[in-house]
Amino acid sequence: MEIEREKVSWLKTKKFWIGVAGVAIVLSIFYTIGYSGAKAVIDDEKVTYDELVSKISDKENELKDAEANLKKKEEEINSKISDLDKQYSEKKAEFDEALTAVENKKQLEADIKSLESTKSGQETTVSNLTADIKAKRDELAKIEKVIKEKNEAPVNLSAGHFIVGDDVPLGRYKAVPAGRGSNFVVYDSTGSLIVNTILGSDNGVPEYVFSAEFEYEIQTEAPVKLIPVE
C-alpha cells in the first residue's frame, strides 16, 4: 500500500515538470521567431510561423494526452489503493476474529482443566464418603446383630428348677454363668426340650440367648445369671 502511494506522488511530480517544460518550449519558440514571417530552427529544420504554431498545437495535444494518461493512471492507482484498503480491513477483521477465537480457546481449556481438577477432587471426596458410609453400615450391621441388653436388673438363679411366670418373669434372656458354669436346660410347657447346653466350661459356651415363655421350666446345675435383652 505504501509503494502505491509513492507511485502516485511520483506521477504528480512528473506531471508538474512536463507542464514546466511545455511552457519553456513555447517561450523559447516565441523568442526565436520574433514575428509571423520569421524563420525558426527546430531540430535542425527551418520552419515558418504557421508550421511552428502547428507543432506547438501538436505538443499541446501530446501534453493533454499525457495528462489524460496520468489522470487515468491516478484513477487506477487510487482504485487499487481502495481495493487494498478494503482487503486490509477484511483481513484485519478476520485476524481479530481468529485472535479472539484463540483467546476464547485458551480460556475454555483453562476452564475445562479447572473443572476436571474439581471433578477429580469431588470424586475423591465421594469415594471417601462412600467408604465411610459402608464402614458405618457395616458397624451398624454388627451392632444390630449384637443383642442389646435391657436396662433392667438381671435375674440371678441358684442351682435348681424354676418356672417361668412364677420364679422368672416372661421375656427374652441371655444366660451367663455366675461361676464356673454347668449344664443349662429349658423345657416348654409340654415338657419338650428347648435348650440343652453347657455354660462356662471348656466344652461349653460363654452365654446363651433364649425366650422364656409362660410355664417354661429352667434347670441349672450351678448359679446362673439371666440378663434381659431385646
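The values are calculated or read from the model by the stated rules, or taken from the named source; none is laboratory data. Nothing here was measured: the structure is a model prediction, and the numbers come from that model. Glycine gets a Cβ as well: all are built from the backbone with ideal geometry, and neighbour counts include every protein chain shown. SASA here: full protein model, heavy atoms, side chains in, ligands and nucleic acids out. Shrake-Rupley method; radii C 1.70, N 1.55, O 1.52, S 1.80 Å.
Kindly indicate which of Thr130, Thr118, Thr124, Thr220 is among the polar types (S, T, N, Q) and touching a Leu at 6+ places or on another chain (Cβ under 7 Å).
Numbers: Thr130 fails: touching a Leu at 6+ places or on another chain (Cβ under 7 Å); Thr118 fails: touching a Leu at 6+ places or on another chain (Cβ under 7 Å); Thr124 fails: touching a Leu at 6+ places or on another chain (Cβ under 7 Å).
Sole residue among the options that is among the polar types (S, T, N, Q) and touching a Leu at 6+ places or on another chain (Cβ under 7 Å): Thr220.
Filtering segment 217-230 to residues that are crowded, with 16+ Cβ neighbours inside 10 Å and part of a loop (DSSP other than H, G, I, E, B) leaves Ala222, Pro223.
Restricted to segment 180-216, and to residues there that are in a strand (DSSP E or B) and in contact with a Gly (Cβ under 8 Å, 6 or more places away or on another chain), the residue that is most open to solvent (accessible area, probe 1.4 Å) is Ile198. Only residues in segment 120-147 that are closer than 25 Å to Ala175 by Cα and assigned to a helix (DSSP H, G or I) count as the first member; pair them with residues that are at pLDDT 80 or above and open to solvent by less than 70 Å² (accessible area, probe 1.4 Å), Cβ under 9 angstrom, at least 6 apart or cross-chain, and list the lot. No pair meets every condition. How many of the residues making up segment 150-179 are of a type in the set (S, T, N, Q) and outside any strand (DSSP E or B)? Of the residues in segment 150-179, 2 are of a type in the set (S, T, N, Q) and outside any strand (DSSP E or B). For beta carbons closer than 8 Å, sequence separation of 6+ or different chains, a first residue in segment 79-93 that is modelled with pLDDT of 80 or more and a second that is part of a helix (DSSP H, G or I), the qualifying pairs are Lys80/Glu4; Ile81/Glu4; Ile81/Arg5; Ile81/Val8; Leu84/Glu4.
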